[in-house]
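J.: Okay, here's the structure, questions in a sec.
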Amino acid sequence: MSFSFYKFLFKFYISGIAVLFFLRVLFQFSYSFSVSQYTFENLFVCYSIGFIIDSSVVSVSILCCLLLSFIIGYISKNFYLVFFRLSFIIISIIFLINIIDIFYFGQFGVRLNQYALQEFQSPKTILPMIYHEYHTILILISLFILLFLFFVLCRKYFRKVVFEGEIKSVKWFAISIFTFFTLSFLYYDGPFWKLTSFSSSSLLNQMSSNGAYTFIKSIAQDYNYQKTLTIFSEIPDSTAINFVKNISLHEDEISISEKFPTRRKLLTPELQQKKNIVIIICESFSASQIGVLGGRKLSPQFDQWSSRGILFTHCYSNGPRTHFGLTSVVAGFPSIIGSSLIRRKGLNEFNSLGNILQDDGYATKFFYSGDADFDDMKMFMQQGGFAEHFDLYDFKSYRYKNAMGVCDEDLYDKAFVEIFNKETQPQLSVILNVSNHAPHQVPPYFLKTNPEVKNMSNKESTFYYEDYALGKFIDRCSTTSQFSNTIFLIIADHGEVYELKDQNYKVYHIPALLLNSSKPVGTFNAICSQMDFASTLIGECGYNGSYHFIGQNLFSTDFKPFAISRNTETALAYHYENKVFFTDLQYGGDSYYYLDSLSYPAIKFEPSVSERNNTQKFLKQYLEGLSVIYRDGLYQYKSAHE
């Protein structure tokens, strides 16, 4: 190895840093309407941190290539050529990830992470969606141009290297290893994640990072996290379990099991006649677009029906993706202790409304617009007691279909025929739509009959269509004789980012509406979350058996208002009173905000010592209790009913 090759390595490093700097600038200008509000100092810190992480990514890549080339080159006797080819492949992957990252952030509000891999378990569904939603052609063209320029530049540098075939100078090899280890900052005391938490702006924090780093790091952390679900091992299991139990159970319920902490019965069930239940889980149905909740007035149908039921004005999703919402709503177990609970061990024993009501004589049905195997939903719903499943492959004809599935109107038509069939058997039905999911395509016929849609963005138009189809379905249901004996829960699976400010907690604010409840029509203004509706429906439908959902009955006189939401990584938001406490399980740091009337974090404040201690203690004990209950299978339906 020669000095000329050492110079090539350094030029390769500088070129890689330059390209990543350019991609960070591109990232900034992609969201310039939000970045413009920040000071030069904030941007300087952001780019400085970005340099450190980019330097680490490029340097570690060079180190890996040097070591691998040393091994392979020892056999092939051509160390330099092996290094050039290997390094070019790796740097190409790094560039591709950081280009994709620009679009990924716009969708999920975070840099690329291992959760993106989960979506590829259903390639037939996800690949067409990616093609339409993520500007695939633009990404590939951009990558090709970048790689071509990078290749030409590096090849020019490479030609100036004095080749010796094998490594003969241990000196320059050792100097190279030392140089790039120094530039890798691997000796930095503390994870880079802490560096990227320098600002209260999630945009600046994310912009300072690097997609390749976040992707690899999230895989490593998820592996460590899955070794055990215990989060705060210093809290005794019994203490944590009792803490959750005392929150879940109320004065109008009686505990009936010492082994299963939240297993309980209503003391006096309010209804003797069993009522049908229809749960409509609306894709990305954000409160930010709901007119009656102070949003952007894209929901005339929901707004109209909200005056005929109980509107939950401060309801929050437990997570940012459909599988989080499905688990929370149907199983009454908040998805806040890790990645998809659906895919973890114990899947085939996950308690849900379906198991309980099926044993009580209910017909149980699940309707989905797309492939029900996507995200393992079919398996989850099937083991959860839903005997009948209807998905994309059950539609012999349809009005419109895209990469995700048939349109909402087709889904509702199918559900209407199957639900309102004049059967005497009570029914529990869950309907999950997808028209408001990427690739955000409105049926062409809807565009023709609703010209106002042409002035909307793609996301706004599919939201507007989702509301239209929902209202059309409820209107049709209201004409049947079974309508008055059917409880309807309309709720979102999660929110959606329409403006970057929505990422700061507003994305979790979702609408929820209960029709034909035993309670008076009106608004429910207390804080609640998706997990609370399973227990509430149990109290509303005339069921008098046992259940053990984690969520509370919203109509209990001693209901305890709070909500906890988790993003796709490890950050949590605990909503209490008119405040929200943000914290991160893995990387530390916390902040407190007062929320305005529309659930946007408005004023950052420093809590008193007692308030800080109380909020942190509450969150730790609650999470640890959930962890123990999940880990030990204390939510299992079969075990609890043996």
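The values are calculated or read from the model by the stated rules, or taken from the named source; none is laboratory data. Just so it is clear, the model here is predicted, and its values are computed rather than measured. Neighbour counts are summed over all protein chains in view; Cβ atoms, including those assigned to glycine, are modelled from backbone coordinates with ideal geometry. Only protein heavy atoms, including side chains, enter the accessible area calculation; ligands, DNA and RNA are left aside. Shrake-Rupley method; radii C 1.70, N 1.55, O 1.52, S 1.80 Å.
J.: Per residue, how many Å² of accessible area does the chain show with a 1.4 Å probe?
T.: Values: 26070 Å² over 642 residues.
Result: 41 Å² of accessible area for each residue.
J.: Where does the chain land at 222 nm, in deg cm²/dmol rounded to the nearest 500, when only DSSP H runs of n ≥ 4 count, each adding -39500 (n - 2.57), divided by all residues? Display every interim value, and only then the final one.
T.: Details: 22 runs with 294 residues, N = 642.
After summing the helix terms and dividing by the residues of the chain, the value is -14500 deg cm²/dmol.
J.: Another question, then. Under a 5 Å amide H to amide H cut-off, with H placed in plane at 1.01 Å, what residues pair with residue 523 once short-range neighbours are removed?
T.: When sequence neighbours closer than 5 places are left aside, the close amide H contacts are 311.
J.: Then there is this: Would you work out which of 555, 247, 320 lies farthest towards the positive end of the dipole of the chain, given +1 charges on the beta-carbon of Lys and Arg and -1 on that of Asp and Glu, about the Cα centre?
T.: Selected residue: 320.
J.: To the nearest 10 degrees, how steeply does helix 40-76 sit against the main Cα axis of the chain, on a 0 to 90 scale?
T.: Rounded to the nearest ten degrees, it is 70.
J.: What fraction of the DSSP beta bridges in the chain is antiparallel, stated in percent and rounded to the nearest 5? List each step's numbers first, then the result.
T.: Values: 33 of 59 bridges.
Counting DSSP beta bridges with both partners in the chain, the antiparallel share is about 55 percent.
J.: Let me ask something additional. So how tilted is helix 408-419 from the main axis of the chain? Cα-based, degrees 0 to 90, rounded to 10.
T.: With rounding to tens, the tilt is 40 degrees.
J.: May I ask you to derive the FRET efficiency for residue 388 and residue 3 from their Cβ-Cβ distance with R0 = 56 Å, giving the value to the nearest 0.05?
T.: Values: r = 73 Å, r/R0 = 1.30.
The calculated FRET efficiency here is 0.15.
J.: Separate question: Where nothing but the Cβ of Lys and Arg (+1) and of Asp and Glu (-1) is charged, how large is the charge dipole of the chain around its Cα centre, in debye to the nearest 20? Could the numbers behind the result be given before it?
T.: Numbers: 54 positive and 56 negative charges, 436 e Å.
The calculated dipole for the chain is roughly 2100 debye.
J.: Going highest first, how would you order 449-461, 465-477 by mean Cβ packing within 10 Å? Display every interim value, and only then the final one.
T.: Numbers: 449-461: 13.5, 465-477: 20.9.
Sorting 449-461, 465-477 by mean packing, highest first, produces 465-477, 449-461.
J.: Now a separate question. Pop a pseudo-label 7 angstrom from the Cα along the beta-carbon direction at both residue 259 and residue 485 and give the gap in nm to one decimal.
T.: 3.7 nm
J.: What are the residues whose amide H is under 5 Å from the amide H of residue 492, where those residues sit 5 or more places off or on another chain and H is modelled from the backbone?
T.: Answer set, sorted by chain and number: 282.
J.: Length gain on complete extension for the stretch residue 42 to residue 560, per 0.36 nm per residue less the alpha carbon to alpha carbon distance?
T.: On the way: separation 518, 0.36 × 518 = 186.48 nm, distance 3.98 nm.
Difference between extended and current length: 182.5 nm.
J.: Through the Karplus equation 6.51 cos²θ - 1.76 cosθ + 1.60, θ set to phi - 60°, convert the phi angles of the range 532-549 into ³J(HN,Hα) values in whole Hz; use x for Gly and Pro.
T.: Rounded to whole hertz, the list is 7, 7, 5, 5, 5, 5, 4, x, 9, 9, x, 6, 10, x, 9, 7, 8, 6.
J.: OK, next. How large a share of the accessible area of the range 283-390, in percent, is made up of carbon and sulfur atoms when the probe is 1.4 Å and the other protein chains stay in place?
T.: 45 percent
J.: Same structure again: Got the relative contact order for the chain handy, in percent, Cα pairs under 8 Å and 6 or more residues apart?
T.: Working: 1119 pairs, mean separation 124.8, N = 642.
Computed value for the chain: 19 percent relative contact order.
J.: Amide H of residue 363: which non-local residues (sequence gap of 5 or more, or other chain) have their own amide H closer than 5 Å, using H built in the peptide plane?
T.: 427, 428
J.: Quick one: what are the phi-derived ³J(HN,Hα) couplings along the range 381-391, Karplus 6.51/-1.76/1.60 with θ = phi - 60°, whole Hz, x for glycine and proline?
T.: Working through the residues one at a time gives 5, 5, 5, x, x, 8, 6, 10, 10, 10, 9 Hz.
J.: Follow-up. Helix 322-331 versus the longest principal axis of the chain: what angle, 0 to 90°, nearest 10, using Cα atoms?
T.: Helix 322-331 sits roughly 30 degrees off the main axis of the chain.
J.: Using only alpha carbon positions, build the gyration tensor of the chain, then give the equivalent ellipsoid semi-axes as the square roots of 5 times its eigenvalues, largest first, whole angstrom. Each step should come with its number before you reach the end.
T.: Numbers: eigenvalues 467, 154, 108 Å².
They are 48, 28, 23 Å, listed largest first.
J.: Let me ask another. Which residue, 266, 95, 145, has the largest displacement toward the positive end of the dipole of the chain when charges sit on each Cβ (Lys, Arg +1; Asp, Glu -1)?
T.: Toward the positive end, the furthest listed residue is 145.
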